[in-house]
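Undergrad: I have a structure I would like to understand better, so I am pasting it below and will then ask my questions one at a time.
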Amino acid sequence: MKLPTHLPDFTLPTIVTRIGRRLPQLPPVLALTVALNLALGRWLPREPLTPLIGKSFAIRVTDAGLTLRFALEERGFRPSVATTVADLTISARLRDYFALVTREEDADSLFFNRRLLMEGDTELGLLVKNTLDGLELPNMDWRRMLPGGLPHLNRL
């Protein structure tokens with residue numbers, strides 16, 4: 001089977017959203033903060049992140065029903081259990097986050113096509129966007145990120 005060269009357009013089924021909203025959010029946010037902390041100093045330079053220290057963030061994966069809340073402190077990223085509104089909330093479908101991470105699409109095009117939503121501190125949002133744009137990430141093949149599920153994505 002020949003794999004497509006571009007990430008297929010998909011949205012997770014609504015049942016996934018309903019289930020995801022009921023599941024504990026701590027396991028995925030722990031995975032996210034561990035990954036971010038492992039990237040600190042390697043692919044994610046510390047210096048541009050200095051203005052983000054003490055700020056809270058939420059990553060909302062709309063079609064998975066997940067809201068991953070975390071904060072940046074002097075020592076790194078940590079999960080947040082705060083129920084207050086995050087300083088910056090970024091919302092998108094899982095597919096659009098994959099497109100962003102694999103550099104298939106940039107944040108500007110996702111934002112202007114209304115597939116990426118930033119809420120909260122606008123200046124903080126621009127700082128995060130510019131930091132992401134400046135990252136030198138290793139080459140990530142999205143086809144390897146979705147083992148086994150790829151043939152079924154277009155049907156979703």
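The values are calculated or read from the model by the stated rules, or taken from the named source; none is laboratory data. Quick caveat, the model's predicted, so the values are computed rather than measured. Backbone-built Cβ (ideal geometry, glycine too); neighbour counts: all protein chains shown.
Undergrad: Assess whether residue 50 counts as being within 20 Å of residue 135 (Cα to Cα) and either at pLDDT below 95 or among the hydroxyl-bearing types (Ser, Thr, Tyr) (or both).
TA: Considered against the rule, which asks whether it is within 20 Å of residue 135 (Cα to Cα) and either at pLDDT below 95 or among the hydroxyl-bearing types (Ser, Thr, Tyr) (or both), residue 50 comes out as yes.
Undergrad: Let me ask something else about it. Could you check, for the range 63-83, whether at least one of its residues is of a type in the set (Ser, Thr, Tyr) and over 22 Å from residue 107 (Cβ atoms)?
TA: yes
Undergrad: Further question on the same structure: Provide a single number: the residues in the range 14-31 that are of a type in the set (A, V, I, L, M, F, W, C) and free of Cβ contacts under 8 Å to residues at least 40 places away in the same chain.
TA: Here the count works out to 2.
Undergrad: Report, by residue number, each residue of the range 83-119 that is in contact with a Leu (Cβ under 7 Å, 6 or more places away or on another chain), part of a helix (DSSP H, G or I) and without any contact (Cβ under 8 Å) to a residue 40 or more places away in the chain.
TA: 96, 100, 107, 110
Undergrad: So which residues in the range 113-156 are among the hydroxyl-bearing types (Ser, Thr, Tyr) and at pLDDT below 85, if there are any at all?
TA: Passing the criteria: only 131.
Undergrad: Which pairs do you get when a residue that is farther than 18 Å from residue 65 by Cα, found in the range 1-13, comes within reach of a residue that is part of a loop (DSSP other than H, G, I, E, B) and modelled with pLDDT of 50 or more, reach meaning Cβ atoms under 6 angstrom, with the pair 6+ apart or on two chains?
TA: Every condition considered, the pairs that remain are 7/104.
Undergrad: Please state which of the following conditions residue 125 fails to meet, knowing it meets all the rest: (1) closer than 21 Å to residue 12 by Cα; (2) among the small types (Gly, Ala, Ser); (3) assigned to a helix (DSSP H, G or I).
TA: Checking residue 125 against (1) closer than 21 Å to residue 12 by Cα; (2) among the small types (Gly, Ala, Ser); (3) assigned to a helix (DSSP H, G or I), the one that fails is (1).
Undergrad: Take the range 63-76 and flag every residue that is more than 26 Å from residue 19 (Cβ to Cβ) and within 18 Å of the chain's Cα centre (by Cα).
TA: Once the filter is applied, which keeps residues that are more than 26 Å from residue 19 (Cβ to Cβ) and within 18 Å of the chain's Cα centre (by Cα), the range 63-76 yields 71, 72, 76.
Undergrad: In addition: Would you mention how many residues in the range 21-77 are surrounded by 14 or more Cβ atoms within 10 Å (Cβ to Cβ), in a helix (DSSP H, G or I) and in contact with a Pro (Cβ under 9 Å, 6 or more places away or on another chain)?
TA: 4
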